[in-house]
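Engineer: Here it is: the structure, laid out below.
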Amino acid sequence: MTLCCSCSYKTDDIYQRNVTEETQKTYAKLVELSSQHQFMFGHHDDTLYGIGWEGEEGRSDVKDVCGDYPAVISFDLGELELGNTQNLDKVPFSRIKKEIMNQYQRGGIISLSWHVRNPLTGGDAWDVSDSTTVHSILPGNDNHKMFMGWLDYVASFINSLKTPDGTKIPILFRPWHEHTGSWFWWGKELCSSKDYKTLWRMTVDSLQAKGVDNALYTYSSSSGLSDTIQYLERYPGDDVIDVLGFDVYQSAKKSFVADLRQSLSVLEEVGKSHNKPIAITETGYEGIPDPTWWTGTLLPVIKDYPISYVLVWRNAREKENHFYAPYPGHMSEQDFVKFYNDPKTLFAKDIKK
């Protein structure tokens, strides 16, 4: 994608997307960081809740440890499609909207994932009991009309993200993630490559038609990438994707480091050939039982690759030991401060400058 000074760009002769000037600036920031070999740190639901707290204005486990907010904060839209007032993690969408505004005002980046419920079975995003779900919501099929209504909720939410003066807040939208695995109803064994690509294009086309011009779209596979052919097998096209990423979590150190390095090598190659910024869209080590994980495991690998950001998952307040960022008193707290002070890592204050 070529960034230009106008408020729209044309990617080929038949497909055109309009994006706001602020959204173009966000994209330019991702590209710039990739070229500088610096990367932003991100955390899911960072300012919504943490270990031992919820809903406290201005609070963040990350900020409590290092004195700064993450440069990227992600939130989830799961169950917005049902017209609910809370998402799947029982956070009010009104609160999410407020924290999106706060993150934008501090100069940060916002990413939105969507653990959408299964439109065929009524189950959650992890319900893989029927392999025809994706096909059922594509144009001409039984659940298409219903699903288009679900997309209406998403479009309305993204369009509503505005500052008091009416400026639309740019977001990274990351649906249909970890599709190279088969634990979500849109996963590899649950739909064909053709249907998955159609799902992506239908999503982007629908949001664009409903006036969404403040979204960049993130294609985010699972890890375990062997080569570029595997990564691109279900890629819907350069004209509908802006950021390339993958999700990877640690269980054993040796295999994690090998997987991370191999997957990053593949992603770097694809990013260069398709002229897209790259990112580690989800990662982490549940409970962070290694006191030097940040500078001893994660940083030594990712510093060698031109990623725009790395994002760890949430610090759940309702599940014991389900956290991925440190909090005051955690064994990795001091090491995280070292990670924070490394010149390659960027937090909110760094990108506000």
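The values are calculated or read from the model by the stated rules, or taken from the named source; none is laboratory data. Since we're looking at a predicted model, the values are computed, not measured. No Cβ is skipped: glycine too gets one built from the backbone with ideal geometry, and neighbour counts run over all protein chains shown.
Engineer: Could you go through the stretch 275-289 and let me know if any residue there is under 25 Å from Asp45 (Cα atoms), more than 20 Å from the chain's Cα centre (by Cα), touching a residue at least 40 places away in the same chain (Cβ under 8 Å) and surrounded by fewer than 19 Cβ atoms within 10 Å (Cβ to Cβ).
Structural biologist: yes
Engineer: Same structure again: Tell me, which residue of the stretch 106-160 that is farther than 30 Å from Glu32 by Cβ and of a type in the set (Lys, Arg) is surrounded by the fewest Cβ atoms within 10 Å (Cβ to Cβ)?
Structural biologist: Among those that are farther than 30 Å from Glu32 by Cβ and of a type in the set (Lys, Arg), it is Lys145.
Engineer: Still on this model: Applying the selection to the stretch 195-209, what residues are out of contact with any strand residue (DSSP E or B) (no Cβ under 9 Å at 6 or more places or on another chain), within 18 Å of Leu120 (Cβ to Cβ) and not hydrophobic (A, V, I, L, M, F, W, C)?
Structural biologist: If the condition is that a residue be out of contact with any strand residue (DSSP E or B) (no Cβ under 9 Å at 6 or more places or on another chain), within 18 Å of Leu120 (Cβ to Cβ) and not hydrophobic (A, V, I, L, M, F, W, C), then Asp195, Tyr196, Thr198 are the ones that fit.
Engineer: For Leu88, indicate whether it is surrounded by 20 or more Cβ atoms within 10 Å (Cβ to Cβ) and under 25 Å from Leu199 (Cβ atoms).
Structural biologist: Against the criterion (surrounded by 20 or more Cβ atoms within 10 Å (Cβ to Cβ) and under 25 Å from Leu199 (Cβ atoms)), Leu88 does not qualify.
Engineer: Would you please list the contacts, defined by Cβ atoms under 9 Å and residues six or more apart or on different chains, that run from a residue in the stretch 38-65 that is without any contact (Cβ under 8 Å) to a residue 40 or more places away in the chain to a residue that is aliphatic (A, V, I, L, M)?
Structural biologist: Close Cβ pairs satisfying both conditions: Ser60/Ile73; Ser60/Ala325; Lys63/Ala348.
Engineer: I'd like to verify a number: residues in the stretch 15-67 that are assigned to a strand (DSSP E or B) and of a type in the set (A, V, I, L, M, F, W, C), how many?
Structural biologist: Selection size over the stretch 15-67: 4.
Engineer: Given the criteria among the charged types (D, E, K, R), in contact with a strand residue (DSSP E or B) (Cβ under 6 Å, 6 or more places away or on another chain) and free of Cβ contacts under 8 Å to residues at least 60 places away in the same chain, does Lys162 qualify?
Structural biologist: Taking the combined requirement at face value, the residue satisfies it.
Engineer: Return the residues of the stretch 326-353 that are closer than 21 Å to Tyr249 by Cα and in contact with a Pro (Cβ under 8 Å, 6 or more places away or on another chain); say none if nothing qualifies.
Structural biologist: Once the filter is applied, which keeps residues that are closer than 21 Å to Tyr249 by Cα and in contact with a Pro (Cβ under 8 Å, 6 or more places away or on another chain), the stretch 326-353 yields Met331, Ser332, Glu333, Asp335, Phe336.
Engineer: Considering each of Leu120, Leu112, Leu88 in turn, give the residue that is closer than 30 Å to Tyr327 by Cα, in contact with an Asp or Glu (Cβ under 6 Å, 6 or more places away or on another chain) and outside any helix (DSSP H, G or I).
Structural biologist: Only one candidate passes the filter, namely Leu88.
Engineer: If the requirement is being under 30 Å from Lys25 (Cβ atoms) and part of a helix (DSSP H, G or I), which of these qualifies: Met146, Met101?
Structural biologist: Met101
Engineer: With (1) under 30 Å from Ile241 (Cβ atoms); (2) of a type in the set (D, E, K, R); (3) surrounded by fewer than 22 Cβ atoms within 10 Å (Cβ to Cβ); (4) touching a Phe, Trp or Tyr at 6+ places or on another chain (Cβ under 7 Å) as the list, and Lys352 as the residue in question, which single condition is left unmet?
Structural biologist: (4)
Engineer: Here's a follow-up. Give the residue that is surrounded by the fewest Cβ atoms within 10 Å (Cβ to Cβ), with candidates limited to residues of the stretch 170-202 that are charged (D, E, K, R) and not in a helix (DSSP H, G or I).
Structural biologist: Glu178
Engineer: Considering each of Asp89, Asp76, Asp45, Asp61 in turn, give the residue that is farther than 30 Å from Met146 by Cα, at pLDDT 95 or above and touching a strand residue (DSSP E or B) at 6+ places or on another chain (Cβ under 7 Å).
Structural biologist: From the options Asp89, Asp76, Asp45, Asp61, the qualifying one is Asp61.
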